[in-house]
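The next block holds one structure in the form of structure tokens; read it before the comments.
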Amino acid sequence: MIAEIIMNSNVKNLDRTFDYNLPYDMEDKVTIGSRVLVKFGNIKELKEGFVVNIKEKSEFKVKDISKVEEKDFVDEPKIKLAKWMAKRYFCNVSDCIKLMLPPGTGTNNIANRAKEKNIKFVRILKDENEIEFNIENKKIKSEKQIRALRFLVKNNEIPSKDLEELADVTNSILKTLEKNGYIEFYEKAVERNPFIHKVITKSQKLQLTDEQEVAYSAVEDSIDDLMNSEFLLFGVTGSGKTEVYLQLIEKVLSMGKTSVMLVPEISLTPQTVDRFIARFGQNKIAILHSKLSIGERYDQWYKIKNGEAKIVIGARSAIFAPINDLGIIIIDEEHDSSYKSEMTPRYNVKDVARYLAKEYSVPIVYGSATPDMDTFYKATKGDIELLELTKRANNANLPNINIVDMRRELANGNRSSISMKLYENIKENLQNKKQTILFLNRRGYSTFILCRDCGYVAKCKYCNIALTYHSKENKLKCHYCGYETIPLGYCPDCKSKNIKYSGSGTQKLEEEINKIFPSAKTIRMDVDTVSKKNSHEDILNKFKNENIDILIGTQMVVKGHHFPNVTLVGVIFADGSLNIDDYRANERTFQILTQVAGRAGRGKDKGEVIIQTYNPDNLSIEFSKKQNYKLFYDTEIIIRKQLKYPPFCDIIIIGFSSENENNVIETAKFVYMSLKKKIIEDKLKIILYKPVPAPVDKIKNKYRWRIIIKCKFDEGIINSLNKTLCELKNKNIKDVKTVIDVNPTNMM
């Protein structure tokens, strides 16, 4: 038998199959998806590959497979998915397969995977009557030995460390008992449980409102009929979308099938997990996200693979969980940009979900108060069934939203980040023992350092981007490559000391709030404060349970969180997302403002939202005040149609980067001419723009150019782009990285 193997490599030339002989003694062990080690070329050490097909014979003289990994493998359906992704996202098949492997799996060495955690246990070998007889007849005299044995009689088996502590005995005492044949030591694999410290009161399912019942019934019918249907659960913030999810998952659970629940941010996962544990208990649930340890992720992965967990909750990568009995896919906050990968493979989780839902004949539910324009457009066309929740749960009112024109604040002499209205509302909230969230989508202290005499701006030495000042460490940091340096205190160009720290980040805002309200207890949540394990959960729990008055944070505080005592939300600088070089600037601004406003007034008290802006007449800001998504959509969709932007086309960016700018330019021009030729020959409906430098034209010491394409993404476009990549490979321009990104979330 011959195995067709794809090597585990990101080298484009190796993205093809190689034939290897399958030794007789391995035939029962190797299946499609198996991970194997083989001799490859003239390389001395064994190389890793994945079996993608098995056939009778080969036309080549082939080597034997050297070793097969029996445990960690993907199955045939996952190989099929990997091939589909590789073609669609212009990457190697092995890049896609690696997304589906157990966490901690080594990229080049099978032995590097995260092993099971084994603990030394003790168990008793003799029955209680014999032990008590020997104690009475003084065959066992030591009090500590007697204490250990009687403890084991009651508990049968226990980790040896726990026995030593609980029975107050030493390891030497246990060794003596082992020598005398009373006990034995053995190793046992234990699950590293990320829920171990959670103590959650069980909840009961709620009575659905009329709107919730209509939504639930529509999806339930699809589940019962094994239909591959798509639904948009379009509900205002706080309308009870999660309760619908819970009851749909309960339905799927009753059928013995597995549900996948995706959330966009790791910071959302703890709160979601808490609600699911309260409803279903810990044993049925597995979570997958990057903030777990590798060992925890490894155990959770196998809990799913072994069928022990029937509810999978996680961020984007959880879509690749090893599930064979899929019943439903739910994508909460479906508009969120984190569902699109910015690294190879540059997949969109919604594309992968549609593929899997079709394969398993199951429904997908997208949930959002501010849907992605493309999703809502499909809903208006009938491609996705629209399910609406127009009222908040428990009849809670939507918050009042106030727009503050910061130009007037400046004219009145207020140069702080806090308008007078926001100041008065925070003050009132503190007096009433209510909580406040302040949102500013910039981390750090100051956004850039400027010399007032010559105009010099401190920039990263590797990227063409301004450095951000972080006051706590007294460092300038690049948020693109991580470069750090200490500020000089003077201008390196003109030697002037007339330096201004311009712009505000969350650090500076926190300092300002602490000065204005010295008695207020504050906590900050941004990338700088959530780097440690469980830090997301710790911050959210402190805010909820420890009488913290004000939570200051970036985008991670705006999505999905439920804090009943929050009655005030302040948006410090609403214009930040308006000033990006992206056709979605208005959409993102509206989404962020609506989502952050949704954190206020979710309890019994009315909420208040204050949006500070220098552009109060901007349509996205005006519509967010009205909290009217449909009004925003109806206006924005006309602009998109006129300018031929998604959803009326797809945008593809072909990016080129290298330390050699001439090679970048040569590559970009070659790809442009190749595509231009194919447009004419194949009569492709493509708008092709000439290559130009990227908006941020240098990152990590690499020059960046790009080509933008507008088209309807289909098989013809995919094939043409893949042919062009093959031609480029044959041209062999050295050291230029070429990346094709379909509908990227970041146009920079």
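Derivation of every value follows stated rules applied to the coordinates shown; laboratory data play no part. Only a predicted model underlies this, so the values are computations on that prediction, with no experimental measurement involved. Note that each Cβ is placed from the backbone with ideal geometry, even for glycine, and that neighbours are counted across all protein chains shown.
Quick notes
- Restraint check, Lys202/Lys391; Lys644/Lys669; Lys257/Lys303; Lys205/Lys542; Lys683/Lys710; Lys461/Lys669, Cα-Cα greater than 18 Å: Lys202/Lys391; Lys644/Lys669; Lys205/Lys542; Lys461/Lys669
- Additional length obtainable on full extension of the chain from Asn432 to Asn660, 0.36 nm per residue less Cα span: 76.0 nm
- J(HN,Hα) series, segment 696-710, from Karplus relation 6.51 cos²θ - 1.76 cosθ + 1.60, nearest Hz, glycine and proline x: 9, 8, 8, 9, 6, 6, 10, 6, 10, 10, 7, 10, 9, 10, 10
- Exposure proxy shown here: for Cys463, Cys96, the number of other Cβ atoms within 10 Å sets the order, fewest to most, as Cys463, Cys96.
- Cβ screening of the chain for cysteine pairs under 4.7 Å finds these without a partner: Cys91, Cys96, Cys481, Cys649, Cys711, Cys726.
- Candidate cross-link partners of Lys729 among the aspartates and glutamates, defined by an alpha-carbon separation under 19 Å and a same-chain spacing of 8 or more, comprise Asp15, Asp95, Glu659, Glu661, Glu666, Asp741.
- Taking amide H as placed 1.01 Å from N in the peptide plane, the amide H of Asn746 sits under 5 Å from none that are at least 5 places away or on another chain.
- Label zone at Met748, where the point sits 7 Å out along the Cα-to-Cβ direction: segment 442-475 residues whose backbone N lies under 18 Å: 442-450, 457-470
- Rounded, prolate or oblate (a/c below 1.5 giving rounded, otherwise prolate when a/b exceeds b/c) for segment 620-748 by Cα gyration tensor: oblate
- Where labels lie 7 Å past Cα in the beta-carbon direction, separation of Gln642 and Ile687 in nm: 1.4 nm
- Nonlocal amide H pairs with Asp325, under 5 Å, H built at 1.01 Å: Thr258
- Diffusion of segment 527-648 by Stokes-Einstein, at 25 °C in a medium of 0.890 mPa s and with Rh set to the Kirkwood radius over alpha-carbon pairs, works out to 154 µm²/s.
- One decimal place: the segment Asn565-Val739 gains 58.0 nm when fully extended, by the rule 0.36 nm per residue minus the C-alpha distance.
- Amide hydrogen proximity for Leu389: with H placed 1.01 Å from N in the peptide plane, the residues at 5 or more positions away or on another chain lying under 5 Å are Phe234, Gly235, Val236.
- Taking a ≥ b ≥ c as the square roots of the eigenvalues of the alpha-carbon gyration tensor, segment 2-112 is classed rounded because a/c is under 1.5.
- Listed by chain and number, the aspartates and glutamates whose alpha-carbon sits under 20 Å from that of Lys497, ignoring those within fewer than 8 places in the same chain, are Asp453.
- Packing-based ranking, highest mean first, of 658-664, 367-373 given that Cβ atoms within 10 Å are counted: 367-373, 658-664
- Considering only Pro103, Ile364, Val219, the residue lying farthest towards the positive end of the dipole of the chain is Pro103, judged by Cα position with unit charges set on Cβ.
- Cα→Cβ-extended label distance, 7 Å offset, between Asp221 and Lys138, nm: 8.5 nm
- Spatially proximal lysines relative to Lys120 (Cα-Cα < 16 Å; intrachain offsets below 8 disregarded): Lys161, Lys175, Lys188
- Rounded FRET efficiency, nearest 0.05, which uses the C-beta distance separating Lys497 from Glu546 and R0 of 41 Å: 0.45
- Taking trypsin sites (Lys or Arg not before Pro) across segment 376-477, the ones in a DSSP loop with at most 15 further Cβ atoms lying within 10 angstrom of their Cβ are Arg415, Lys433, Arg452, Lys461, Lys472.
- Along segment 244-253 the Karplus relation, 6.51 cos²θ - 1.76 cosθ + 1.60 evaluated at θ = phi - 60°, assigns HN-Hα couplings of 5, 4, 4, 6, 5, 5, 4, 4, 5, 4 Hz to successive residues, with x for each Gly and Pro.
- Cα→Cβ-extended label distance, 7 Å offset, between Arg407 and Glu45, nm: 6.3 nm
- Estimated [θ] at 222 nm from DSSP helical runs (n ≥ 4, -39500 (n - 2.57)) normalised by residues in the chain, nearest 500: -10000 deg cm²/dmol
- Options (1) 37.0, 122; (2) 27.2, 79; (3) 29.7, 100 - which one matches Rg and Dmax of the Cα atoms in Å as calculated here: (3)
- Pairs spanning more than 26 Å between alpha-carbon atoms, out of Lys83/Lys350; Lys98/Lys358; Lys305/Lys358; Lys138/Lys179; Lys63/Lys305: Lys63/Lys305.
- Ranking Leu233, Leu163, Ile592 by how far each Cα lies toward the positive end of the dipole of the chain (charges on Cβ) leaves Ile592 at the top.
- Here r is the Cβ-Cβ distance between Thr31 and Ser535 and R0 is 56 Å; the resulting FRET efficiency, rounded to 0.05, is 0.85.
- Residues Lys202 and Asp127, FRET efficiency given R0 of 22 Å [Cβ-Cβ distance, rounded to 0.05]: 0.05
- Where a label projected 7 Å from the Cα of Asp575 along Cα→Cβ would reach, residues of segment 590-626 with amide N under 13 Å: 612-618
- Residue order for Glu157, Glu334, fewest other beta carbons within 10 angstrom first, comes to Glu157, Glu334.
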